[in-house]
Amino acid sequence: MDIKRLIMVAVGGQGNLLASKVLGEAALICKVPVRMSEIHGMAQRGGVVESAIVFGDASSPIISDGEADLLLGFEPSETLRALNRCNKDTTVITNLAPLPPFTVAIGKGVYPEMDTIQALIKERTGSLIAFDAMELAKKAGSPMSVNIVLLGALIQTEILPLTRESIEQAIKTRTKQAFVDMNLAAFNLGFEAAANVA
Amino acid sequence: MHKLLQNAPEQEIMLLGNESLARGAVEAGLAFATTYPGTPSSELSLNLFQISQETDLYFEYSTNEKVALEVAAAAANSGLRTMCIMKHVGLNVAADPLMTLAYVGVTGGLVILTADDPSMFSSQNEQDNRYYGKFAGLPILEPSSVAEAKEMAKAAFELSETLKEPVILRTTTRINHSSAFVTLGDIKERNTKGEFIKDPMSFVTVPAVSRKLHVKLLENLDKAQALSNRSEHNIVTGAGKFGIICNGVSYLYVQDAVKDLGIQEKVKVLRIGFSNPMPDQMVVEFVKDCDKVLVIEEGEPFMEEAVRSIAQDAGITVSIKGKGDNLFSRLYEFDPAMVKRVMASYFEIEYQAKIPVDTANLPEIPQRPPNLCSGCSHRATFFEVKQAAKALDMDTICPSDIGCYTLGFLPPLSTGDFVLCMGASVSSSCGFAKATDKKVISFIGDSTFFHSGMTGLANAVFNNHNFTLVILDNGITAMTGHQPNPGVDMSLFNQEGYNRISIENVVKALGVEHVTVIKPFKVKKSVEAIKEALAFEGVSVIISKEPCALHLKGLKLLKPKAFTVTDRCKNHRDCINEIGCPSFFLEDGKVRIDATTCVGCALCAQICPENAIVPLKK
């Protein structure tokens, strides 16, 4: 089975650990071997959360620089920061809604322009799918569903060996019952957004 | 029912490494568990804590790792299967009982889980705890994967009972914090009824007894060596003239690299899972017909030195390399591409590495350092202590300690000049106060105070030192994920049968004459009280009491009342520049407050020179 390597980067609180769980469950449904690793030491203190997910017949649970087939960024400046994980063929998906780090507020850094971020990623990687996932999450019913919107875009690319149905099934079993319908709507909106962008 | 208790042999479920370890212990019939929480081992303890609430497993959060191991040593010597869990540096704290417990041994299986943290994702050093096995003379098992973690946890209990010695189960962050499918096994019945059979000549370590016990320990090490040589955890795969000896998570990187480099026919691999004592005969058999050998291990050259010594003893002269120039580093964790690169270079294999995109010429991306949470009371305390010291024109040294509040060293709070290990804030204050003429103000959290701050404080009172200790009492062990400690109200956890210790009473009982309790969100009052404490000659203690906002949020006890910046704001920016709460952001050059994250602690409202920050009207 082909090996596919996915890096997800997010800011603490954006729900990328739940996104990992949904992907893991979908892999189980699709009978795809999967290994994941996450670094979330200070996640709740506003730091960056990074998950590596390896699908297929590989043993390692982490992904080296340049070895990601897919980079899914929950926050545009974090997507840019993780660019060293990509190579010239990597597909990058990013949310365009910024969460400026606190350092910007105290004048210890300048948030890059959104056009610049997109241009830089586009010229160095295989392809870029960029859209405002926050707007779609709100449309689905809650800003909290931004993680599921992004999963919709991820699955639309058909790079991972996971079916749309398996993710929907996983959403039903791994997310809170009260939010299942909203999450399914969020997933669909992300899926359509990626289809339209591409 | 807790998911790790399900009796569903052969079922495959996705588990975190720490959950896999917990399930392995449950399957082995674990009866007794002790811990002091520490990343990356914390979730293992948390799962056992939860399981203990549904079963007759005894679990405790002990006050520190030394205590945890001593409690565990008694349970194991009463015949119970026992686990003692800590992060790598925790074993330094527990080293005293460890060294002599190796002499005494155990009657029930005792597994000491030490979680090492190569790359220091959340630790103050990256020490390699395999040396504790060598130092104490204890067997070490090291899993390579999440699934194997469960099997090894089980095997560790068997091994411990076979040898009648504690077994060190050593993991690294990448095992503890990875997830994979794990196949569940049968759950062995738990025996929770212990019995201690008195035998002073085996258990009372006076010199005459210990001299015999040391002989016994060395005999046990010989037995362990024989077991290591035929252990199912030491595995040889493949065939070829190039030899690779590896351990832990590196084994996974080696497996992928062998495939990627297409060298299945050229390489054989010895994966060491039982690493102390090293399997000497196995190593001799493995290296004797190799053309060259590469040892792949994160951390120190523990196996490399052993392999070289074993080969030398057997008269084998093959080249054995591991750490060194163009080889592996003793620094930080490894990754798959690095292992592949070194293997290719050492064995002279051509390959095309994937090239990371060029990140030169990227605009500077603003840093996103971790920050104290919105509504964190530590922020208020640090701010007030700085204000008080400034008002008294004091030149300060501020030793800090291990916890969320270590983050206070970052700007704009910039409070934290010296951090060593748990409890060192108090003891190092004694040294700084004597060695310099600066005013010393140190910071320690409630859990850390119980862990090892009390002894330092007793020292300070006895030796009549001169400094102010600030105890940041947020009522929980926050940093590692909100675990209990002796000062915690256990009704928050819906738990009965615990007592609660007042830090104020402890401090007074230790003889501190100047003790002040402040409510840190009352800024003016707090600053005045802190000024008095700072001016006191001798040991003074300030207890800053306010629950952890993040913990309250988790318990759904937090009632956020967001604040907002009104037009009165004249952009002094004291709020941002002095206290740096993450709820602030700038919009068109104006300070704004994110109403979704502001919890309404009102610290900023109290320091705004224009009184421009007010509660947001809904």
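In a DSSP loop and with at most 16 other Cβ atoms within 10 Å, the trypsin sites (Lys or Arg not before Pro) in region A:87-186 are A:108, A:176. Buried surface between chains A and B: roughly 4600 Å² of accessible area, summed over both sides, computed with a 1.4 Å probe on protein heavy atoms only.
So how far, in whole Å, is the C-alpha centre of region B:356-408 from the one of region A:1-22? First find each Cα centre; the distance between them is then 29 Å. When the listed pairs B:223/B:340; B:87/B:268; B:134/B:288 are checked against a 27 Å cut-off, the alpha-carbon distance exceeds it for B:223/B:340; B:87/B:268.
Size of region B:485-581: Rg and Dmax of its alpha carbons, in Å, are 18.0, 54. Ignoring the sites themselves, chain A has its longest run without GluC sites (Glu not before Pro) in a DSSP loop having at most 14 other Cβ atoms within 10 Å at A:1-112.
With Cα atoms as the point set, the radius of gyration and Dmax of chain B evaluate to 27.2, 84 Å. Each residue, residue B:230 and residue B:341, gets one label point 7 Å from its Cα in the Cβ direction; the gap between the two is 4.4 nm.
Computed across region B:429-543, the Kirkwood radius stands at 14.9 Å (inverse of mean 1/r, all Cα pairs). Stokes-Einstein diffusion for region B:314-355 at 37 °C, viscosity 0.692 mPa s, with a Kirkwood radius from C-alpha pairs, works out to 276 µm²/s. Beta bridges from DSSP with both residues in region B:155-292: antiparallel share about 40 percent, rounded to the nearest 5. Shown for region A:120-165 is the translational diffusion coefficient from the Stokes-Einstein equation, using the Kirkwood radius over Cα pairs, a temperature of 37 °C and a viscosity of 0.692 mPa s: 276 µm²/s. The relative contact order of region B:122-189 comes to 35 percent, based on Cα pairs under 8 Å that sit 6 or more residues apart. When GluC sites (Glu not before Pro) are flagged only if DSSP places them in a loop and at most 14 other Cβ atoms lie within 10 Å, the longest unflagged stretch of chain B comes out as B:55-188. Each residue of region B:323-328 is assigned a 3J(HN,Hα), and the resulting list reads 8, x, 4, 6, 10, 9 Hz, derived from the Karplus form 6.51 cos²θ - 1.76 cosθ + 1.60 (θ = phi - 60°), x at Gly and Pro.
Computed extension length for residue B:537-residue B:95: 155.5 nm, one decimal, from 0.36 nm per residue of separation with the Cα-Cα distance subtracted. For a paramagnetic label modelled on residue B:188 (point 7 Å from Cα along Cα→Cβ), amide N atoms under 11 Å away belong, within region B:79-104, to B:81-82.
Between the alpha-carbon centres of region B:42-58 and region A:107-181 there is a gap of 36 Å. The residues of the protein assembly as shown expose on average 41 square angstrom of accessible surface per residue, using a 1.4 Å probe on protein heavy atoms. For the pair region B:290-304 and region B:506-546, the centres of their Cα atoms are 54 angstrom apart. Of all DSSP-defined beta bridges confined to chain B, some 25% are antiparallel rather than parallel.
Measuring how big region A:130-198 is from its alpha-carbon positions, Rg and Dmax come out at 11.0, 32 Å. If both residues of a DSSP beta bridge must be in the protein assembly as shown, then about 35% of such bridges are antiparallel.
Please work out whether region B:355-438 counts as rounded, prolate or oblate from its C-alpha gyration tensor, where a ≥ b ≥ c are the square roots of the eigenvalues and a/c under 1.5 means rounded, while otherwise a/b larger than b/c means prolate and anything else oblate?
The shape class here is prolate.
Distances between every pair of Cα atoms in region A:89-169, grouped in 10 Å steps from 0 to the bin holding the largest one, split as 16, 37, 36, 10, 2 percent.
Just need the relative contact order of chain B here, percent rounded to a whole number, with Cα pairs under 8 Å and 6+ apart.
Dividing the mean separation by the residue count of chain B yields 10 percent.
The percentage of C-alpha pairs in region B:51-99 whose separation is greater than 13 Å is 57%.
When the convex hull of its Cα atoms is viewed from all sides, region B:315-391 shows a mean projected area of 12.5 nm². Translational diffusion coefficient of the protein assembly as shown (Stokes-Einstein, Kirkwood radius from Cα pairs, 4 °C, 1.567 mPa s): 45 µm²/s. For region B:10-132, place one equal point scatterer on every Cα, skip the solvent, and apply the Debye formula. What is log10 of I(q)/I(0) at q = 0.16 Å⁻¹? For region B:10-132, the Cα-only Debye profile gives -0.74.
Its convex hull of Cα atoms gives region B:153-307 a direction-averaged projected area, equal to a quarter of the hull surface, of 12.6 nm². For the cross-link pairs B:390/B:439; B:439/B:524; B:390/B:438, the ones whose C-alpha atoms lie over 19 Å apart are B:439/B:524.
With 17 Å as the cut-off, how large is the P(r) tail for region B:562-618, expressed as percent of Cα-Cα pairs? Tail of P(r) above 17 Å: 24 percent of Cα pairs. Interface residues of region A:48-70, defined as those with an accessible-area decrease of at least 40 Å² between the chain by itself and the complete set of protein chains (probe 1.4 Å), are A:59, A:60, A:61, A:62, A:64, A:67. Taking only protein heavy atoms and a 1.4 Å probe, the accessible area of region B:523-618 is 54% carbon and sulfur. Over chain B, DSSP H runs of length four or greater, each weighted -39,500 (n - 2.57), average out per residue to a 222 nm ellipticity of -10000 deg cm²/dmol.
The values are calculated or read from the model by the stated rules, or taken from the named source; none is laboratory data. Quick caveat, the model's predicted, so the values are computed rather than measured. For neighbour counting, all protein chains shown are included, and Cβ atoms are generated from backbone atoms with ideal geometry for every residue, glycine included. Ligands, DNA and RNA are stripped out before the accessible areas are found, and what is left, the full protein with its side chains, is counted by its heavy atoms. Shrake-Rupley method; radii C 1.70, N 1.55, O 1.52, S 1.80 Å.
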